[in-house]
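A quick write-up on the structure given underneath.
The values are calculated or read from the model by the stated rules, or taken from the named source; none is laboratory data. These figures come from a predicted structure and were not determined experimentally. In this analysis, Cβ positions are derived from the backbone assuming ideal geometry, glycine residues included, and neighbour counts consider all displayed protein chains. Each accessible area value is taken on the protein alone, full model and side chains, heavy atoms only, with ligands, DNA and RNA left out. Shrake-Rupley method; radii C 1.70, N 1.55, O 1.52, S 1.80 Å.
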Amino acid sequence: MAFWIVPRCCIFNALGIGMKNVETTILSLKPAVMGRTYFVEEAIGQYLSDLSTKLKPYVTGLLIGQCSPQRDYVIQAVRTPPKEEQKEDNISPSKLASIDEEWITTHASQVSRMLPGGLLVLGVFIIATPELSKDCQNALRKLIFSVEKSLTKRRLWKPAEEEVSERAALQICSATKKVVCRTYDVQDPKSSPKPADWKYQSALSASWLALNCTVNVNIHIPLLATSPNHDLEKNTKNGLNRWSKQIEDSVFLINGQIKDDDTELLEGQKKLRGNTQSSTQFSDVKVLAQLSQGSSHRSTATVQVCSGSINLKGAVKCRAYVHNNKPKVKEAIQALKRDIINTLSDRCEILFEDLIINEGPHKKSFGREYHVLPQRLFVPVAGSSVMLSDYKFGDESTGEIQERFVEMLDQSVQAEDIHIAEEINTVDICPVADNMDDTQQQQLTKATLLLKLQQNMGVVIAAAVAVFASIFSFNYFSD
């Protein structure tokens with residue numbers, strides 16, 4: 001038996017491939033990188049089709065759903081509400097360059113407040129005439145990054161390293177109904193578009209899993225003497241930021257049990273299959289905040305002179321939804337954590353916006369004030385087990401809530417479908433007055449000076465010891 005050793009170049013030459021082209025040829029034989037797959041509620045197809053016939057020459061909107069490591073789910077599409085001048089004739093500006101980016105990002109911020117845990121703005125869409133199709137991708141790219149930047153500013157939590165950071169850019173031709181879906185990585189400003197699959201599915205979220213919990217809140221936020229009294233919103237956000245870290249470190253009991261992060265949420269439970277009727281599996285969750293840190297963490301007490309305080313008290317109802325395709329425990333807990341943090345942060349934002357509207361942006365609080373945080377309510381999504389969220393003040397009517405759902409989510413809501421979730425939560429603001437009497441001002445000044453003296457006492461003692469040592473050594477060596 002004989003063996004022939006043939007140089008590699010001969011083999012490639014025999015195949016008609018030059019050595020310079022070997023690397024290129026091998027690379028071309030590799031399978032193409034698959035893009036993300038979006039499973040989309042079937043009713044969304046009809047909704048988008050209706051928009052394409054009613055609104056010309058283009059219409060923009062948001063895609064709402066849930067990300068998961070394997071696939072993404074789109075359960076709602078919401079058009080951008082028209083401005084006052086566009087409401088009568090349903091005509092948009094003729095060029096995509098005239099898209100109002102700020103209007104769309106503001107809408108996205110408002111919509112994100114109405115989403116329970118597990119749901120987020122997954123992307124944006126444009127339905128346009130064939131004449132505008134060439135400019136659609138550039139417009140979509142700008143909108144995706146603008147929307148994500150706006151939403152990120154409001155968050156008190158940071159995305160996990162392994163979290164999906166791709167967002168959908170959906171383009172639909174109003175004439176041919178052709179659908180083109182691409183994704184952009186919002187963590188990379190230079191990312192190029194990737195193709196994605198857009199697949200419709202009936203009863204997509206009819207049997208999603210819901211996690212409920214009630215969190216008792218008693219947050220004390222000091223107002224430092226050096227901080228302006230009128231900057232209450234900034235102080236509140238700083239206080240909530242510290243509180244959110246406690247929530248992130250809390251222990252979550254699902255149906256009374258601690259479960260490993262990587263186990264399936266439905267392990268040991270019977271899975272409900274999706275059907276035309278919405279059916280939800282609810283899990284009761286308890287949140288246990290850690291009272292102390294481990295021995296490896298060193299903590300020191302901080303003494304601060306304060307001119308007042310903000311106290312947030314009450315019990316907030318929180319809810320998160322998770323897809324039913326073998327969800328992990330960590331996905332569910334992460335969704336619920338974010339709902340707990342978001343719902344309190346959003347309420348405070350809404351309260352301060354309301355105060356600015358009613359009392360003016362330059363109003364200062366000189367005395368003790370009590371305010372009531374808006375109450376949370378839930379409204380069902382047709383054909384789904386998912387419920388969307390909103391907030392109402394005590395003097396708001398049912399009609400105002402219905403109008404807001406039509407404007408923000410393009411969804412009609414029946415009065416009997418509005419479910420108020422909880423009792424009243426309060427904000428107690430106790431700032432010190434700028435016009436306090438001389439005695440109070442002197443006391444505060446003395447307290448500030450005393451604190452500074454205490455903080456610098458170590459430096460003073462060290463300096464005194466150094467001076468004493470110098471005098472002693474001078475006298476000793478002189479003798």
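Details
- A cut-off of 5 Å between modelled amide H atoms, ignoring neighbours fewer than 5 places along the same chain, links residue 309 with 223, 430.
- In order along region 320-331, phi translates into HN-Hα couplings of 9, 10, 9, 4, 9, 9, 6, x, 8, 4, 5, 5 Hz, rounded to whole numbers, per the Karplus curve 6.51 cos²θ - 1.76 cosθ + 1.60 with θ = phi - 60° and x for Gly and Pro.
- Gyration tensor analysis over the Cα atoms of region 311-356 returns equivalent ellipsoid semi-axes of 29, 11, 7 Å (largest first, whole Å).
- In this label model, residue 301 and residue 260 are separated by 4.3 nm, measuring between points 7 Å along each Cα→Cβ vector.
- Couplings 3J(HN,Hα) for region 53-67, derived from phi with the Karplus relation 6.51 cos²θ - 1.76 cosθ + 1.60 (θ = phi - 60°), are 8, 8, 10, 9, x, 8, 9, 10, x, 10, 10, 10, x, 9, 8 Hz, where x marks Gly and Pro.
- Region 42-171 pair-distance distribution - Cα-Cα, 10 Å bins, rounded %: 11, 44, 34, 10, 1
- Where only alpha carbons of region 114-185 are counted, the Rg and the Dmax (Å): 14.2, 43
- Computed extension gain for residue 311 through residue 187, at 0.36 nm per residue and net of the alpha carbon distance, reaches 41.0 nm.
- Here the Debye sum runs over all C-alpha atoms of region 159-242 as equal scatterers in vacuum, and log10 of I(q)/I(0) at q = 0.13, 0.19 Å⁻¹ comes out as -0.83, -0.99.
- Placing pseudo-labels 7 Å out from each Cα toward the beta carbon at residue 178 and residue 70 gives an inter-label distance of 3.3 nm.
- Carbon plus sulfur fraction of accessible area for region 185-268, probe 1.4 Å, in percent: 45
- Order of exposure, largest accessible area first, which applies to 404, 319, 182 with probe 1.4 Å: 182, 404, 319
- Integer Hz, Karplus 6.51/-1.76/1.60 couplings in order for region 195-207, x for Gly and Pro: x, 9, 8, 10, 10, 7, 8, 7, 6, 4, 10, 5, 9
- With 0.36 nm allotted per residue and the present C-alpha distance subtracted, the residue 395-residue 372 stretch has 7.2 nm of extension available.
- Three principal axis lengths of region 306-426 [C-alpha, angstrom, descending]: 54, 35, 23
- Packing-based ranking of 405-416, 385-396 yields 385-396, 405-416, ordered from highest to lowest mean Cβ neighbour count within 10 Å.
- Mean Cβ neighbour count within 10 Å, used as a protection proxy, ranking 153-165, 369-381 highest first: 369-381, 153-165
- Placed amide H near residue 283: partners under 5 Å, 5+ positions off or other chain: 210, 211, 212
- Counting only heavy atoms of the protein chains and using a 1.4 Å probe, residue 144 has close to 10 Å² of accessible surface.
- Distance in nm between pseudo-label sites at residue 95 and residue 194 (7 Å out along the Cβ direction from Cα): 3.4
- When Rg and the Kirkwood Rh are both derived from Cα coordinates, the Rg/Rh ratio for region 124-277 amounts to 1.07.
- Computed with a 1.4 Å probe over protein heavy atoms only, the accessible area of residue 220 comes to about 110 Å².
- In Å², nearest 10: area of residue 105 left accessible to a 1.4 Å probe: 20
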